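First up is the structure itself, then whatever we jot down about it.
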Amino acid sequence: MISFRPVLSVLGYLYVGLAAAMLIPAIVDVAARNADWQAFVLSSLVVGLLGLLLIVAMGSALEAGLDTRQTFLLTTLSWISLPAFGALPFLWLGVAYVDAAFEAVSGFTTTGSTVLTGLDSLPPGLLVWRSLMQWMGGVGIVVMAIVLLPFLKIGGMQLFQTESSDHSEKIVGRSIELIRLIGLTYLFLTSLCLVAYWASGMSLFDAFNHALTTIATGGYSTHDSSFGFFKNPVTGWIAVLFMIVGSLPFVLVIQGLRGQPLVLWRDPQVRAFLVFLLLITMALTIYLGVSGQAEFSQALLQAAFNVVSVITGTGYAMGDYTAWGAPVIGLALLLKFVGGCTGSTTGGIKIFRFLVFFGTVKAHMRRMVRPNRVISESYGSTRLTPELTFSVLAFLVVYLGTVGLLTLVLSAFNLDLVTAVSAAATSVGNVGPGLGTTIGPSGNFGPLPDAVKWILSAAMLLGRLELFTVIILLDPDFWSR
């Protein structure tokens, strides 16, 4: 039987941290003389007290560390419960719980889909809380991708096993130093982004919020028109730069900041990711120019911004790219599956899995031509084992199957095909806006039925947890001795 005590102890500390974070928007509202600060203080008290009770009740349970099954359980429970409590301030402010939960799940998973309208006139504390949820979710995603998932060997993530991801049954200790470095780097990049936005002409409030959601590749904005609100092209290029930075492996970013910048370019997935961004951006720029929809300089920014936003799963919008024609809509749908690099804040399938997949297909075709030839598959300088290759292929099958099944379920609610497919893809991939008139870049998820919002909330969590983290909990063998 699994011991829940260490899991509950860690959850207690997470709840206390969440409660402390809720005081930040409360301070913002007090400074703005907005009475909504009470909602954040009350929510903080509820969540904080629960966290303290768990910490005290569990005592020294955490000293023994967490084994593999406890880590699976903790990862899933934390990503479910933190958004559930993060929704409380919305609830105090009169938002229906289904909408509050959807907004909080979308925030913590950095999906960026929203049900709220009139963002320009919302209380400042509420806007800050949306941004903070994405920022906290972003650093949580990085820690999960670098420390936990390689240890759990999910979807080929064991390829990125670090010394801190202990191969034994216990996972604590040496991971702490890596987590500290991730946190400091994340904070530094956020601060750098904030200063850059502010220098480009953003107000300090907008710069703060957008810095939080850019590094997290989350996409929540303080304006209904997202980045279409800002007219300075420099602001758009700053967003492009930091969205890309947020999509790079944070372990390599840390090494780059510590004097080894070439380590990024040596990584196969980083090279593939940057080349892919460049090719798609140039193709779309040429399309916009040839079709007469924009001048070259404007077309280049529009193409780069929207391509990077969709591929990285950030979900910012600079205009409605679905108005550029059917080819762009089809391209946008395909790009929602891609994602950035592993060990980053992005969602989607991730570039490294595509590299492993295409490498496997290439090796298979060579074997078909020369059956007796011994062919070794590799990722960079790392040889791919059959176990790792199978892990990646299994993930791809489950991922695409989940999107397909979710599309079928959403169609049962009389959603049109474009809305159903894009809602499924954007939720599982944690991308942001969908396609179509309702949930496209110029719309939001508010008009959808409540049942659909619950289904999409579950899909966002499932996608963020890399599918198998949740699916394995359904196996009876997981719970047996």
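The values are calculated or read from the model by the stated rules, or taken from the named source; none is laboratory data. All of these numbers come straight from a predicted model, not from anything done at the bench. Glycine also receives a Cβ, built like all others from the backbone with ideal geometry; neighbour counts cover every protein chain displayed. The area values use the complete protein model at the heavy-atom level, side chains included, leaving out ligands, DNA and RNA. Shrake-Rupley method; radii C 1.70, N 1.55, O 1.52, S 1.80 Å.
So here's what we get for this one:
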{"read-out": "Calculated Rg and Dmax of the range 382-425 using C-alpha coordinates, Å", "value": "14.8, 47"}
{"read-out": "Portion, in percent, of the accessible area of the range 74-169 that falls on carbon or sulfur, probe 1.4 Å", "value": "64 percent"}
{"read-out": "Rule-of-thumb Rg ratio for the range 333-464 [Cα; 2.2 N^0.38 Å; N residues]", "value": "1.27"}
{"read-out": "Under 5 Å, built H, 5+ apart or other chain: amide partners of TYR379", "value": "LEU384"}
{"read-out": "Computed label-point distance, nm, for sites LYS362 and ILE176 using a 7 Å Cα→Cβ extension", "value": "4.3 nm"}
{"read-out": "Phi to ³J(HN,Hα) by Karplus 6.51 cos²θ - 1.76 cosθ + 1.60 over the range 209-220, Hz, x for Gly, Pro", "value": "5, 6, 5, 4, 8, 6, 4, 7, 6, x, x, 5"}
{"read-out": "The range 136-292: projected area of the alpha-carbon convex hull, averaged over directions, in nm²", "value": "11.2 nm²"}
{"read-out": "Between the range 231-302 and the range 81-119, the Cα center-to-center distance that results, in Å", "value": "30 Å"}
{"read-out": "Net charge of Cβ neighbours under 12 Å - reference SER106; Lys, Arg +1; Asp, Glu -1", "value": "+1"}
{"read-out": "Extension reserve of the SER121-LEU42 stretch, reckoned as 0.36 nm per residue once the Cα distance is removed", "value": "26.1 nm"}
{"read-out": "Under the Karplus curve 6.51 cos²θ - 1.76 cosθ + 1.60, θ = phi - 60°, whole-Hz ³J(HN,Hα) for the range 364-370, x wherever Gly or Pro sits", "value": "5, 5, 5, 5, 5, 6, 10"}
{"read-out": "Heavy-atom accessible area ranking, 1.4 Å probe, most first, across SER480, SER378", "value": "SER378, SER480"}
{"read-out": "Pairwise Cα inverse-distance average, inverted: Kirkwood Rh of the range 25-134 (Å)", "value": "15.3 Å"}
{"read-out": "Space enclosed by the convex hull of the alpha-carbon atoms of the range 261-340, per residue, Å³", "value": "94 Å³"}
{"read-out": "Ellipsoid semi-axes in whole angstrom, largest first, where each is sqrt(5λ) of the Cα gyration tensor of the chain", "value": "31, 31, 22"}
{"read-out": "Cα principal axis extents for the range 273-389, largest first, Å", "value": "55, 32, 22"}
{"read-out": "More than 18 angstrom apart: percent of Cα pairs within the range 438-481", "value": "50 percent"}
{"read-out": "Accessible surface, per residue, of the chain when the full set of protein chains is kept, probe 1.4 Å, Å²", "value": "42 Å²"}
{"read-out": "Largest-first ellipsoid semi-axes for the range 353-417, taking √(5λ) over the Cα gyration tensor eigenvalues, angstrom", "value": "34, 13, 9"}
{"read-out": "Phi-based couplings in Hz for the range 186-199 (Karplus 6.51, -1.76, 1.60; Gly and Pro marked x)", "value": "4, 5, 5, 5, 4, 5, 5, 5, 4, 4, 5, 4, 4, 5"}
{"read-out": "Proximal aspartates and glutamates to LYS350, defined as alpha-carbon separation beneath 18 angstrom and excluding residues fewer than eight positions away on the same chain", "value": "ASP267, GLU466"}
{"read-out": "Accessible carbon and sulfur surface of the range 255-316 relative to its total accessible area, %, 1.4 Å", "value": "65 percent"}
